[in-house]
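The next block holds one structure in the form of structure tokens; read it before the comments.
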Amino acid sequence: MANEPTLPRSLSKVSACLEGFTPPVGSFDPHGAWEHRYAVWVLFPAQSGSVIQRAGALRLRREPSGRDAATLDVTLSTTMGGRVGSGYYVHARLTCATDRLATPRSWELKSCMLDAATGRAVDLTETQQTGQVAGGMIRRQTVGNALRGVPPSQAERNGTEAIPYLGGRGKVERTVPAPKALSSNWSLFDALQRLPGNNVEPLAFDMLEEMDLLKPNQRLAYRRSLELPLSDQKVKLHCFEHLGEGILPYEYWLDDQRRLLIAVSGMRAFIFDPTAQVAEVNP
Amino acid sequence: MTQIRNPKHEIRNKSETRIPNDPNTKARNQVSSRNLVSRPGGGLSRREFLQASAAGSLGLILASRTAPAAMARRPPNLLFIQSDQLSNRAIAAQGCAHVRTPNMDRLIKRGVSFRLSYSANPVCCPARSVWYTGRTSSETAVVQNEWRILEDMPDLGQWFGARGYEPVYIGKWHIPGRDFTKSFRVLTPGHGVGEHGDAAISRAAQAFLLNYRGDKPFFLSLGFLQPHDICYWVWHHAQDIGALPYPSLADQLPPAPPNLQFDPREPERIRQIWREGKGWAYLRDWSDLHWRYYVWSYYRHVEMVDAEIGRVLDALEDSGLVENTVVVFSADHGDGMGCHKMVQKMYFYEQAAAVPFVVSWPGHVAEGALDAKHLVSGLDFAPTLCDYAGIEAPPKARGRSLRPLLEGKPTAWREFIVSESAITGRMVRTPEWKLITYKGDPTEQLFDMKNDPWETRNLATEAKHAAVMSDLKKRLADWEGHLEPASLEGRQPPPRAKAKAGKKT
């Protein structure tokens, strides 16, 4: 499979996104502290009459934490359409093992929709989630932020203390058995960069997408390498493919420094871009 | 995979009544709870359900499981979960063995799911205009995508908003000519690509359900995009794929549809657009492997929206609102799924026209029931919701409330439904037959749906079926005689400028 001559379909799809792309230079230690930013692209096919669309940013910050763990700070902000609720914002802070899958151990997550005009959270769209993997179980709690009928964004503007609403008569904590091997869509951005070389045995695991959608029967395997002309130079890229239930095939392309440059699936791509700016939520 | 359907539990009904003024209702189609297929694991056991039906006490049992005072004070919340381009044949609990849909299955286990459920017009805008007005697409004027709805026709956001409900919308709307922000409180419009936007929709819905503490009951609509992205998949993979792009999938692809070879006697419209037109000519060259990869990919798109639905269902449970919320799950249209070498929709073959229609409300609606007998349509959505809300249906709504079917109450039910496509296409479906006709088109199709469910043999010109053809055409004429078609003048969309491929925005 190595050094296949033709441009794979996945890279053809993102070729327009790579105009002006400047490959990062210098060494990179995937085991240490790093920050990567990616532009989020939506990949309309030409026949659809639409165009590729830059539609958000993803920022990941990794920090080693103790002997066998690291924290992964993730911010994703993407754009929808219209004005109200035109932005989707997620911030998560994960503690992950330093194993091959960057297995998530615990996390905190906040999400909301953003009003494009004000940069504030749209009322009634904020949630908080905490989760842990322990004792063979995945436990997570998701709560809204309603403050005795006052939406949190408004309450914060009024200087009111935030008191999470604890969920009426419903179940607050959800518990499911933890699979033998677990990763998350964000953990993979860390894990892939630390995999030793290209002769890695295929990995089988379940995946927590955005930390609460458990998708079973995932497989990650090394696929190929090739040289891609980028910004007047040829860059050697190494591809891992990711197949599984509930996802479209993903391809992850890393450079020789093991830096993840491109993640692309059916209609969406994450392209390495140190200038990509994630949105901030205005109080 | 959850095994739900148990054919041994299916019981046929024999009793008869007649509602003379309903053009598509006749005597021998009397319905009772016994028409439902009960399934193990439902909240109301089959024995309990049948005993209650026989004794006429189903309503009492259901009522005893609710909080009567609370129910009397406040109408139920209404949660409408829409999927886009989801065939009723692509759900595990409906019998599809190649897809994993634990959350759609969960919905089906909790309520009543209709097997003979059809889009009122199997393409996005028309089907949605029907949902939100209760009128046929020929009456809303949204006969094709991007045609504009009549300005004075009320939509359900306005209708419920004026009758004590908080109408809230999240996700895809796609009814041209109607600004939904004036009819609903919109939390996000979503994005035209499900892979990019559906997570935002389920997150916004999750947050709304966990945060909403208003005095009014809500009518929350969730317009998910998936598995609609399969439309773009087709364009991304239009040309011969040659070998399988991911060789490790070789042993995971579903088999080719059994009707890749089919009866070529199709209406001219279908032949001109799908078989000979420039837009889809490449489909002729797809190999069996290509079609199998297409169907495999479609199922993955279905699984994507299934996961998002799971987030919403979890939130509904966590909110404590589940016992006072009617949940309806449906799709605007299905997908060709490779059958008849078709992709997309806009035609009446079963995979594109049949859509899920699932209703649940714990303690009120039978649980774990698969209704394989009664014909239902997107036209029934508005009357059903209004019935549960205790308000009148929009004026001239053409469908019927499904409530009697959902609660196992005896009622006479229709014998056929009609679906529309574009300006001239019509489908007449009975439990046994499907007539497909395009006005002015010399070729019609008649399929024996009991004995030929894959629609492989067109019987329209066979003399022995002349009486069936005549009967179905008469029913169609009767049905159309009751309608008030809109003038379509000026409703067409302006010509769309072609975007340049590869251009960035």
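The values are calculated or read from the model by the stated rules, or taken from the named source; none is laboratory data. All of these numbers come straight from a predicted model, not from anything done at the bench. For neighbour counting, all protein chains shown are included, and Cβ atoms are generated from backbone atoms with ideal geometry for every residue, glycine included.
If the condition is being assigned to a loop (DSSP other than H, G, I, E, B), at pLDDT 95 or above and either within 14 Å of chain B (Cβ to nearest Cβ) or closer than 30 Å to residue A:271 by Cα (or both), then region A:153-187 contributes A:181, A:185, A:186.
For the criterion of being in a strand (DSSP E or B), in contact (Cβ under 8 Å) with a residue 12 or more places away in the chain, in contact with a Lys or Arg (Cβ under 7 Å, 6 or more places away or on another chain) and within 13 Å of chain B (Cβ to nearest Cβ), residue A:270 fails. Considering (1) surrounded by fewer than 19 Cβ atoms within 10 Å (Cβ to Cβ); (2) within 11 Å of another protein chain (Cβ to nearest Cβ), the lone condition that residue A:275 does not fulfil carries the number (2). The requirement of being without any contact (Cβ under 8 Å) to a residue 40 or more places away in the chain, in contact with a His (Cβ under 9 Å, 6 or more places away or on another chain) and crowded, with 17+ Cβ neighbours inside 10 Å is satisfied by residue A:45. Scanning region B:171-216 for residues that are of a type in the set (Phe, Trp, Tyr), touching a Pro at 6+ places or on another chain (Cβ under 9 Å), over 19 Å from residue B:231 (Cβ atoms) and in a loop (DSSP other than H, G, I, E, B) gives a single hit, B:184. Considering region B:288-306, the residues that are more than 17 Å from the chain's Cα centre (by Cα) and among the aliphatic types (A, V, I, L, M) include one that is surrounded by the fewest Cβ atoms within 10 Å (Cβ to Cβ), namely B:289.
Taken over region A:242-283, the criterion of being over 16 Å from the mean Cα position of the chain (by Cα) and charged (D, E, K, R) is satisfied by A:245, A:255, A:256, A:258, A:280.
Against the conditions (1) crowded, with 22+ Cβ neighbours inside 10 Å; (2) within 14 Å of chain A (Cβ to nearest Cβ), where does residue B:355 fall short? Just the number, please. Of the numbered conditions (1) crowded, with 22+ Cβ neighbours inside 10 Å; (2) within 14 Å of chain A (Cβ to nearest Cβ), the odd one out for residue B:355 is (2). If you check residue A:132 against the conditions, is it without any contact (Cβ under 8 Å) to a residue 60 or more places away in the chain, within 24 Å of residue B:318 (Cβ to Cβ) and within 14 Å of chain B (Cβ to nearest Cβ)? Here the answer is no, as residue A:132 does not meet what is asked. Among the residues of region B:212-222, write down those that are facing chain A (nearest Cβ under 9 Å) and in contact with a Phe, Trp or Tyr (Cβ under 7 Å, 6 or more places away or on another chain). Result: B:212, single match.
Of all residues in region B:223-244, none satisfies being assigned to a loop (DSSP other than H, G, I, E, B), more than 12 Å from chain A (Cβ to nearest Cβ), farther than 18 Å from residue B:333 by Cβ and modelled with pLDDT of 95 or more. Filter region B:308-350 down to the residues that are assigned to a strand (DSSP E or B) and either within 19 Å of residue B:91 (Cβ to Cβ) or away from chain A (no Cβ under 12 Å) (or both) and list them by number. Of everything in region B:308-350, those that are assigned to a strand (DSSP E or B) and either within 19 Å of residue B:91 (Cβ to Cβ) or away from chain A (no Cβ under 12 Å) (or both) turn out to be B:326, B:327, B:328, B:329, B:330, B:331. Residue count for region B:279-307 satisfying the condition of being of a type in the set (Val, Ile, Thr) and within 13 Å of chain A (Cβ to nearest Cβ): 2. Take the conditions (1) touching a helix residue (DSSP H, G or I) at 6+ places or on another chain (Cβ under 8 Å); (2) loosely packed, with under 15 Cβ neighbours inside 10 Å; (3) farther than 26 Å from residue B:135 by Cβ; residue B:408 misses just one of them, which is (2). Annotation note: of A:67, A:61, A:93, the sole residue that is within 25 Å of residue A:235 (Cα to Cα), surrounded by fewer than 19 Cβ atoms within 10 Å (Cβ to Cβ) and of a type outside the set (Val, Ile, Thr) is A:61. Among the candidates B:402, B:379, the residue that is more than 20 Å from residue B:434 (Cβ to Cβ), touching a helix residue (DSSP H, G or I) at 6+ places or on another chain (Cβ under 7 Å), surrounded by 22 or more Cβ atoms within 10 Å (Cβ to Cβ) and of a type in the set (A, V, I, L, M) is uniquely B:402. Of all residues in region A:20-39, those satisfying the criterion of being surrounded by 11 or more Cβ atoms within 10 Å (Cβ to Cβ) and either closer than 25 Å to residue A:54 by Cβ or in contact with a Phe, Trp or Tyr (Cβ under 7 Å, 6 or more places away or on another chain) (or both) are A:21, A:22, A:23, A:24, A:28, A:34, A:35, A:36, A:37, A:38, A:39. Within region B:312-326, the set of residues being under 14 Å from residue A:210 (Cβ atoms) and crowded, with 24+ Cβ neighbours inside 10 Å comprises B:312, B:315.
The residues of region A:226-267 that are modelled with pLDDT of 95 or more and among the polar types (S, T, N, Q), listed by number, are A:257, A:265. Taking residues in region B:299-323 that are touching a residue at least 24 places away in the same chain (Cβ under 8 Å) and closer than 20 Å to residue B:213 by Cβ, and partners anywhere that are of a type in the set (Ser, Thr, Tyr) and in a helix (DSSP H, G or I), the pairs with Cβ atoms closer than 7 Å and at least 6 places apart or on different chains are B:312/B:202.
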